[in-house]
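Engineer: What follows is a single structure, and I will ask about it in a moment.
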Amino acid sequence: MTMVTPQPLDQQEDEEMLVPNTDLVEGPQPMEVYYTYRCSCVNVLMHCQFLAPPADNAGTVENDEPQASRFTWTIENFSRLNMKKLYSDVFTVGKYKWRVLIFPKGNNVEYLSMYLDVADSATLPYGWNRYAQFSLAVVNHLHSKYTIKKDTQHQFNQRESDWGFTSFMPLSELYDPSKGYLVNDTCVVEADVAVRKVIDYWTYDSKKETGYVGLKNQGATCYMNSLLQTLYHIPYFRKAVYHMPTTENDNPTGSIPLALQSLFYKLQYNDTSVATKELTKSFGWDTYDSFMQHDVQELNRVLCEKLEDKMKGTVVEGTIQKLFEGHHMNYIECINVDFKSTRKESFYDLQLDVKGCKDVYASFDKYVEVERLEGDNKYHAEEHGLQDAKKGVLFIDFPPVLQLQLKRFEYDFMRDTMVKINDRYEFPLELDLDRDNGKYLSPDADRSVRNLYMLHSVLVHSGGVHGGHYYAFIRPTLSDQWYKFDDERVTKEDVKRALEEQYGGEEELPQTNPGYNNTPFKFTKYSNAYMLVYIRVSDKDKIICDVDEKDIAEHLRIRLKKEQEEKEDKRRYKAQAHLYTIIKVARDEDLMEQIGKDIHFDLVDHDKVHNFRIQKQMPFNLFKVLTFFYYYYFIVKDMKLL
C-alpha cells in the first residue's frame, strides 16, 4: 500500500509588517492617504486647555468613526516672543498625545509656520504610526469669515512625527493690527484633529466596512472598473440590464448582456471583489487588450450602443435613450437679413472645456458662446448670398442622467504632443442649468421641466498623459455619504475628499521636520476629475429605485448561485486541505497487471489505482474497514448480487 501526502498549502497569517526606513528620503514627501473622514468638532474656546471626550468613549479608537476634538491655544504678548519656535500644551485625541508647534517669526521664511506634532514621539516604541486628519487655524478677532484655516492629513511615524505648513500666512498680514489676527497682542490658534487607527488593507473587508464590493483589475482595466461601478450604481440602469432577454444556453464570454448581468449580480450579492474577465472577453478582448488603457468615453459609448441594440424589441427598449439622451440645437442666424438655419442633434454625454474655465458653469457658458461669422468668414445664406451671421448651440432638453466628460487631455501644437490639463476646475454638488433665466436653453425647450441636478459620481484620473490610475467617488443613494471605488477596495469618504480634492490645480505641500526642510513649495495635483455624472432631482426617485432578486431572470439566478456554490466548495476544500491526506490502495490484481511490464518503474500504475481522501486523524484500523467495504461493494456488484 502506497501513501502519498499532498503538499501543504502556504499558510500566511495576517501580520503588521515593519518596513525598514532605509529607503525613506529626508524632507516632505507627497503621499496618498486612502482614508478620509467626516467629523463634527466641539467648538469650545479655552486658554491652553483641552476638553476631553466623554468618559465612555475615552481611550477607544473605532474603525467606523474617528475620534475628533478641537484644541484652542491662546498666545498672549505674541509680538514680544523672541524664541525661534514655540510648543503648545499637550492635548489628547484618540488616546494619543499631540501639541501644536509654531515659528512666530517664520521657519526661515516670511510666513508664520505651523505644524501638528506628536508630543511623545521620543518615547514611543519602534515602528509606531498613527493617522490623523487635521486643520490648523489662526482666528480673526474682528471677522470670523477671515479666519485663515488650512487642513491636511498625514500618517505620522518616527521619521515624520510632525506635519503642517511652513508658509501658513504672511507675517506682514499677521502682525498688521488692522487685519484682526493680533488684538491686544493676543493670537488664537485652533487645531481640529480627527484620529483613527491605521487600517491594515491586507485584511480590509470592503463588504463589511461599506456594504459594497470592488472589481478586480486585470492589468490596466481600472478605467473600465470606475465606469462599471458608476453604471451599476444607477439602479434604473441596473434593473434594465437584468430585464434584458438572455437564456441559460448563452455563454457569458460571447454575450455582452449576459456578462453584464452576471457582473452586476455578483456586485450586488458577492462578499468579495468581482472579476471582469467574462465581460472583457464578451467585448472580444484578449489578454493584451486588458493590459492596454482605453478611452473611458469611447468605452461608455460602445457599451451603451451595444446594449441599446440588444434592447430593441424587448420590454426595456429605449432605456438608454430615456436615461442618457439629450438634445441641442445648432443654429446660424443672419444679422442683416431674415434667415436662420437650425439642426437638432442628440447627445449621450457632453464634452466640456477645462482649460480657461474655472468651473462647470464657465464651461457651459463657453459651450453656448456665440461665434460671429463676418469678414472673410461670412456665411452663405442661400439666396441671400454671403452674410454676417452668428453661430451657436442651445439645448432643447437635458437627460435625467447627465454625463459630463471633462477635456483634461488636449494636443499641444507648440510641443507637438498630447498633454494633460491639471488646472483647477470646480464642480458643484447641485448643478442648476436653468440659471440666468435659462440662458442655455433654446426657444423650443420645455421650460416646465426643472433642470436642477445632484452630483452622483466623480470619476478621477491620477497621473499623466502616458498613463495613470482611475477610480471613482460615488454616492449611490445621493445621501451625504460618499464611497471611493478603487478597483478591489471600497472605502467611505467625505464630501471634501470627493469634491474639493478632485478639483486639480496646485497645492502647497505640508512641511515636515521643521528646521531642516525650510523651503516651502507648491506641487501640481495630478489627481483630478475627468468625468462627472449628475442626476436630475425631479427624476431621482425613479432612477434611484429598489432592485432585488425578482428583477433577475430565474436562469441567471440559478446559474450564478451554482457558480457561487462551486466557488465556496473550492474555497472550503482549500481551507481544509491541511486536515486531509491522499492514500492510494493497490490490490493484488493491480500488482499482477503491472508485473512484467517495463513502461513503469513502480510496482503499480498510480494513475489506475483507487485514491482515498481521508482525514489525517483517522485510525488505521478504521481505514482498513473503509477499504474493505469499498471493495466488498464492487465484488458483490460484479457477482451481480446487487
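Engineer: Suppose the chain between GLU568 and GLU507 were pulled fully straight at 0.36 nm per residue; how much longer would it get relative to their current alpha carbon spacing? Walk me through the intermediate numbers first.
Structural biologist: Working: separation 61, 0.36 × 61 = 21.96 nm, distance 4.76 nm.
Stretched fully, the GLU568-GLU507 segment lengthens by 17.2 nm.
Engineer: Just read off the accessible area of ASP120 with the full protein assembly in place, 1.4 Å probe, to the nearest 10 Å².
Structural biologist: Roughly 40 Å² of ASP120 is accessible to a 1.4 Å probe.
Engineer: Can you find, among HIS233, LEU182, VAL193, the residue farthest towards the positive end of the dipole of segment 127-258? Put +1 on the C-beta of Lys and Arg, -1 on that of Asp and Glu.
Structural biologist: HIS233
Engineer: On to the next question. From the phi of every residue in segment 254-262, what ³J(HN,Hα) in whole Hz does the Karplus formula 6.51 cos²θ - 1.76 cosθ + 1.60 yield, where θ is phi - 60° and glycine or proline is x?
Structural biologist: Once θ is set to phi - 60°, the couplings for segment 254-262 become x, 9, 4, x, 5, 4, 6, 4, 4 Hz.
Engineer: With every protein chain left in place, what is the accessible area of GLU369 in Å² (1.4 Å probe, nearest 10)?
Structural biologist: 120 Å²
Engineer: For the pairs LYS239/LYS312; LYS358/LYS484; LYS95/LYS484; LYS105/LYS179; LYS97/LYS484; LYS239/LYS550, flag any whose C-alpha to C-alpha distance is greater than 21 Å. Walk me through the intermediate numbers first.
Structural biologist: Numbers: LYS239/LYS312 16 Å; LYS358/LYS484 25 Å; LYS95/LYS484 28 Å; LYS105/LYS179 17 Å; LYS97/LYS484 30 Å; LYS239/LYS550 10 Å.
Pairs exceeding 21 Å: LYS358/LYS484; LYS95/LYS484; LYS97/LYS484.
Engineer: Here's something else I'd like to know. Expected output is a single nm value to one decimal: the length gained when fully extending between GLU76 and TYR526, i.e. 0.36 nm times separation in residues minus the C-alpha distance. What is it?
Structural biologist: 157.8 nm
Engineer: For CYS545, CYS187, write out the residues from largest to smallest accessible area, computed with a 1.4 angstrom probe and no ligands counted.
Structural biologist: Greatest to least solvent exposure: CYS545, CYS187.
Engineer: What does the accessible area of HIS327 come to, in Å² to the nearest 10, when a probe of 1.4 Å is used?
Structural biologist: Answer for HIS327: close to 40 Å² accessible.
Engineer: Separate question: For segment 547-589, what is the accessible area per residue in Å², given a 1.4 Å probe and the full set of protein chains?
Structural biologist: Each residue of segment 547-589 exposes 69 Å² on average to a 1.4 Å probe.
Engineer: Please calculate how many Å² of accessible area segment 366-477 carries per residue, with a 1.4 Å probe and no DNA, RNA or ligand atoms counted.
Structural biologist: 50 Å²
Engineer: Between rounded, prolate and oblate, where does segment 236-345 land on the alpha carbon gyration tensor, with a ≥ b ≥ c its root eigenvalues, rounded for a/c under 1.5, else prolate if a/b exceeds b/c?
Structural biologist: It is prolate, given that a/c is not under 1.5 and a/b is the larger ratio.
Engineer: For HIS384, HIS466, what's the largest-to-smallest order of accessible area, 1.4 Å probe?
Structural biologist: Sorted descending by solvent-accessible area, the residues read HIS466, HIS384.
Engineer: Under 13 Å from the Cβ of ARG372, count the other residues' Cβ atoms, weight Lys and Arg +1, Asp and Glu -1, and hand me the total. Provide the component values of the computation, followed by the final result.
Structural biologist: Working: positive: LYS378, LYS390, LYS391; negative: GLU333, GLU369, GLU371, GLU374, ASP376, ASP388.
Summing Lys/Arg as +1 and Asp/Glu as -1 gives -3.
Engineer: Heavy atoms only, 1.4 Å probe, whole protein assembly: order THR417, THR272 by accessible area, highest first.
Structural biologist: THR272, THR417
Engineer: Tell me the net charge near HIS461. Cut-off is 13 Å between Cβ atoms, HIS461 excluded, with +1 for each Lys or Arg and -1 for each Asp or Glu.
Structural biologist: Summing Lys and Arg as +1 and Asp and Glu as -1 gives +2.
Engineer: Over all Cα pairs of segment 404-562, how is the pair count split among 10 Å bins, expressed in % and running from 0 up to the last occupied bin?
Structural biologist: 8, 25, 28, 23, 11, 4, 1
Engineer: Expressed in nm to one decimal, what extension gain is obtained for the pair LEU622 and SER178 from 0.36 nm per residue of sequence separation less their Cα-Cα distance?
Structural biologist: Stretched out fully, the LEU622 to SER178 stretch lengthens by 150.4 nm.
Engineer: Something else now. Name the residue from LEU386, GLY318, PHE398 whose Cα lies farthest towards the positive end of the charge dipole of segment 312-411, charges +1 on Cβ of Lys and Arg and -1 on Cβ of Asp and Glu.
Structural biologist: GLY318
The values are calculated or read from the model by the stated rules, or taken from the named source; none is laboratory data. All values derive from a computational prediction rather than experimental measurement. When we count neighbours, we look across all protein chains shown, and the Cβ atoms used for this are built from the backbone with ideal geometry, even at glycine. Side chains are part of the model used for accessible areas, which takes the heavy atoms of the whole protein and leaves out ligands, DNA and RNA. Shrake-Rupley method; radii C 1.70, N 1.55, O 1.52, S 1.80 Å.
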